[in-house]
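The values are calculated or read from the model by the stated rules, or taken from the named source; none is laboratory data. Since the model is a prediction, treat every value here as computed from it, not as a measurement. Cβ placement follows ideal geometry from the backbone for every residue including glycine, while neighbour counts extend to all protein chains displayed. All accessible areas refer to the heavy atoms of the entire protein, side chains included, with ligands and DNA or RNA removed. Shrake-Rupley method; radii C 1.70, N 1.55, O 1.52, S 1.80 Å.
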Amino acid sequence: MKNFDLATSPMVAVWETTRADAPYSGAISPDWESRELSATEAEKLIRDVAEMRAPVFVFAGANPLLRPEIYSLVRYACSCGLRPTMVLSDSPVLTRKAILKLKSSGLSRLGLTLQGSNAGLHEELSAAQGSFPRTIQAMRWANECRVPLQMHTELCRSNVGDLENMASLLKSFRMLVWSLSFPVPEEKSRSAEIFTADELERIFERIYDMAQTVPFKVKTVEADHYRRYVTQRRTLFRVEKSGSNAMPFREEGIPGVLPIHEGRGSVFITSTGEVFPNRHISVSGGNIRKEKLKEIYRCSHLFRAFRDTANLKGKCGRCEFKEMCGGSRARAWVLAGDMFAADDSCGYQPALAYKAG
């Protein structure tokens, strides 16, 4: 992965198959279909992603299972050489039969959402009564059908204290990854939703310690400085073990942490074909109805600038960890109106002098 070229290929391509305000259940109306990508347009998108050799392709959105052709699209993605993932929330259409059909269609991984270790907390945050037992049942079905499982949790002040309880619950299931997303407010006035830098460091410590005890990987989203935290913890351990007083920074020498920041190599394609750097930054580099995805990703001013760490400002621009971290560009966009501004949720102070290697 050290030789992966983010300038030509994204590491992650996410397609919003259905709009965020799509209906909870039932068929999509013709009006919805006229605004969203058609099956033919979706197949073209899949071919574009395959041509770029993106390692991860995700069917996301409000409820991908509401698209009648979703299973054929999963099969088509597989036929193009992709290993498709699908992220689903609880809904009446998420049944054992649906999971089996996804498996037979070639789905490589199923993502589900858990917001708490108990029904009260999960359903309060999900705003869906009865969703906790249905989510647990879907996890059981995925295990029974031997579909690789990934869980997603949106962390907030209400459930961060429940982290260890959720981890304990998840250990009773076979799963690959637990993905923890940190809050990005919809607007600056809601900045109180964000954890402070000190709070995040304490949460990172809990996540790191917890990750050593669970049989699955734990990753963070919109908390890119967790990568810096992991690097520091592992480097400190090696120094203490060797008895050396030196504290070298060798990002390529930290096992399990990529020496590049995959967030800079992500694309989020909306249900209507707009291409964003991620789902929180609503700035479009183009539309796949007018241009090929690879032209947007490789050539648009937005994506070229987004990949260039020289554009980072403030302490993020000076930081010796910027190639593997770079801060949350989404939070900078919402809070400062500048996607290259420093991420103030990180309390780390860069070294005054830094020489790579």
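The overall shape of the range 127-187, judged from the alpha-carbon gyration tensor, is prolate: a/c is not under 1.5, and a/b is greater than b/c. For residue 200, the shell of other residues with beta-carbons less than 14 Å away shows a net charge of -3, using +1 for Lys and Arg and -1 for Asp and Glu. When the solvent-accessible area of the chain is split by element, carbon and sulfur atoms take up 52 percent of it, the probe being 1.4 Å. Projecting label points 7 angstrom from Cα along Cα→Cβ for residue 69 and residue 212 puts them 5.1 nm apart.
Take the chain, connect every pair of alpha-carbon atoms lying under 10 Å apart with a spring to form a Gaussian network, then pick out the residue of 111, 347, 265 with the largest mean-square fluctuation. Comparing 111, 347, 265 in the GNM, the peak value goes to 347.
In the complete set of protein chains, residue-level accessible area for residue 71 is approximately 40 Å², probe 1.4 angstrom.
If you average the sequence gap of Cα pairs under 8 Å that are 6 or more apart and divide by the length of the chain, what percent do you get for the contact order?
17
Taking the longest Cα principal axis of the chain as reference, the axis of helix 39-51 is set at about 30 degrees. With a ≥ b ≥ c taken as the square roots of the eigenvalues of the C-alpha gyration tensor of the range 117-233, please select rounded if a/c is under 1.5 and otherwise prolate if a/b is larger than b/c or oblate if it is not? Oblate, since a/c reaches 1.5 and b/c is not below a/b.
Between 0 and 90 degrees, the angle of helix 131-144 with respect to the longest Cα principal axis of the chain falls at about 90 degrees.
Separation of the alpha carbons by more than 23 angstrom is noted, of 241/315; 188/315; 101/290; 219/322, for 241/315; 101/290. Available extension along the chain between residue 187 and residue 7 is 61.8 nm, counting 0.36 nm per residue and deducting the alpha carbon span.
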